[in-house]
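Report on one structure; see the data block that follows.
Derivation of every value follows stated rules applied to the coordinates shown; laboratory data play no part. Here the structure is a predicted model, which is why all the values come from computation and not from measurement. All Cβ positions, glycine included, derive from the backbone under ideal geometry; neighbour counts span all protein chains shown.
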Amino acid sequence: MGMKDSIKKVLVKLGENNKPTYAVMAIAVVKGIARPLFTMSDKHADPETKKYTAIREGLTEVVAIPTYFACGELAGKVANKLNLSPEKKALARSNFMFLGVCAAALVVIPALASITIKPFMNKIQNGNKSKEKINEISNISEQSKFNSVKKEPNFKAKKTMTSYYSNPIQAQTAILKVGGL
C-alpha cells in the first residue's frame, strides 16, 4: 500500500495545482520543438521550403507560449473580481482560465502570429536572396525583351480540330478533354 499512497499523493497534488495554462503551455513547448524537427526530417521536401516551414512553426509556438499564459492569467483575474463564495471562485477561476486559453488559441495567437511572424519571415527570405541572383534575373528579362520576335497571326490558315488528327474519333476525344468533360 505504500506505493499506491505515494502515487495517490503525487496525483492529488498535481490535480490541486493544475491550471489549464500550464497544460497548454507544455503542449506548445513540445510542438515548438517537435514540429520543426519533423519538418526538417522530411526527405522529400525542398530544402528551402523545409527551412522556411520549420522556422515559421517554431516562431509560432514562441509567440503562443507567452500568449497562452497572458490570456489565461488575465481571464483568471476577471473571475477573481466576481462576488462568489471561495469554493465557487476557485472553480470560476479555473473555468475562466480555460476560456482565456481557448480565446488565445482561436483568436489571439493567429492574429499575433500573422502580425509578428510575417515581417520577420520576409526579412529572412529577402536576406537569402543575393544581389547577384536579382541582377541575373533582371538581365535575363532585359535580354528576353530584345530577343523576342513578334510574329503576325496567320488568319488565312483555317485549321479545325479534325485536321490535326487522322481519325475523327481522336478529334472528338481531344475536344472533350479540352472542354473538361
- Query: Residue separation times 0.36 nm, minus the C-alpha to C-alpha distance between Lys88 and Lys8: what's the value?
  - Reply: 26.3 nm
- What is the local net charge at Asn95, summed over the other residues whose Cβ is closer than 15 Å to its Cβ (Lys, Arg +1; Asp, Glu -1)? +4
- At a Förster radius of 45 Å, what calculated FRET efficiency corresponds to the Cβ-Cβ distance of Val78 and Gln125, to the nearest 0.05? 0.65
- Note to self: C-alpha centroids of the stretch 11-60 and the stretch 71-113 sit apart, in Å, by 23
- Going toward the positive end of the dipole of the stretch 19-63, with +1 on Lys and Arg Cβ and -1 on Asp and Glu Cβ, which of Leu37, Pro20, Leu59 do you reach last? Pro20
- Task: For the stretch 24-56, state which trypsin sites (Lys or Arg not before Pro) are in a DSSP loop and have at most 13 other beta carbons lying within 10 Å of their beta carbon.
- Result: Lys43
- Extension reserve of the Ala70-Tyr22 stretch, reckoned as 0.36 nm per residue once the Cα distance is removed: 16.1 nm
- Rounded to a whole number, what is D in µm²/s for the stretch 12-129 from Stokes-Einstein with the Kirkwood radius over alpha-carbon pairs (25 °C, 0.890 mPa s)? 153
